[in-house]
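Here's the structure, in structure tokens; my notes come after.
The values are calculated or read from the model by the stated rules, or taken from the named source; none is laboratory data. Source: prediction; values computed, not measured. Here the Cβ positions follow ideal geometry from the backbone for every residue, glycine too, while neighbour counts run over all protein chains shown. Areas reflect the complete protein model, heavy atoms only, side chains present, ligands, DNA and RNA absent. Shrake-Rupley method; radii C 1.70, N 1.55, O 1.52, S 1.80 Å.
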Amino acid sequence: MTTRINLLDWRQERRDRHKKQFFSMLGLGAVGSIAVVVLGLLTATAAIDHQNARNTYLKQQIAETDRKIKEIQDLEKTKASLLARMQVIEQLQASRSATVHFFDEIVTTVPDGVTLTGLKQAGDGVTIEGIADSNGRVSTYMKNLESSQWFADPKLIVIKTSEKDKQRKSEFTLQVKNLTKATDKNKVDGEEDTQ
């Protein structure tokens, strides 16, 4: 029988075992740490990619909305232009008959012995210049204008009497309010209401 003698120190063996365990744990810890870091990086990269995709989608939607807003603004400009044109056309149509009424009434209110030399219209005011045989004819003309449904408030501005070729003439200037625009507008509005 042979006897075996262990010449190795048992403590050394235990230290070696602990060292191996320590390095194993250290290796596992390093591998685990690397895995956690890689997993964190992958998660962060995925989150960044997802956020970038969302940002890109939002930019596309904002660009689309901006394009639609521009289209709406262009349509609003076109609408405003068309409304302005329609308003001009309506005013022209309303004033078309107003002009006829205006001149027709000017002719029918002029009495015998009065000659008109000038007409000026500014807004709803009309300045009438003329020559009359007498001051009485100017007075008659003003009464005719006052009784007309198309004119109101005749005011005598100037009257000059002069003698020419042994005939007495009165040059006059008067102002009167033109009601043909207001009356025609009311007629047009009334026609629209009935339609």
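Some points to look at:
- In order along region 144-158, the Karplus-derived 3J(HN,Hα) couplings, from 6.51 cos²θ - 1.76 cosθ + 1.60 at θ = phi - 60°, round to 4, 5, 5, 7, 6, 7, 9, 10, 8, 6, x, 10, 7, 9, 9 Hz, and Gly and Pro are given as x.
- Ellipticity estimate at 222 nm from DSSP helix runs (n ≥ 4, -39,500 (n - 2.57)) divided over the chain, nearest 500: -24500 deg cm²/dmol
- Dipole size of the chain about its Cα centre, with +1 on Lys/Arg Cβ and -1 on Asp/Glu Cβ: approximately 1940 debye, rounded to the nearest 20.
- Probe 1.4 Å, accessible area per residue of region 1-89, Å²: 97
- A value for Cα extents along the principal axes in Å was derived from the coordinates, and within the list (i) 181, 40, 22; (ii) 61, 40, 35; (iii) 89, 38, 31 it appears as (i).
- Residues whose amide H lies under 5 Å from that of residue 124, counting only those 5 or more places away or on a different chain, are absent; hydrogens are built 1.01 Å from N in the peptide plane.
- Split the accessible area of region 1-126 by element, probe 1.4 Å, and carbon with sulfur accounts for 63%.
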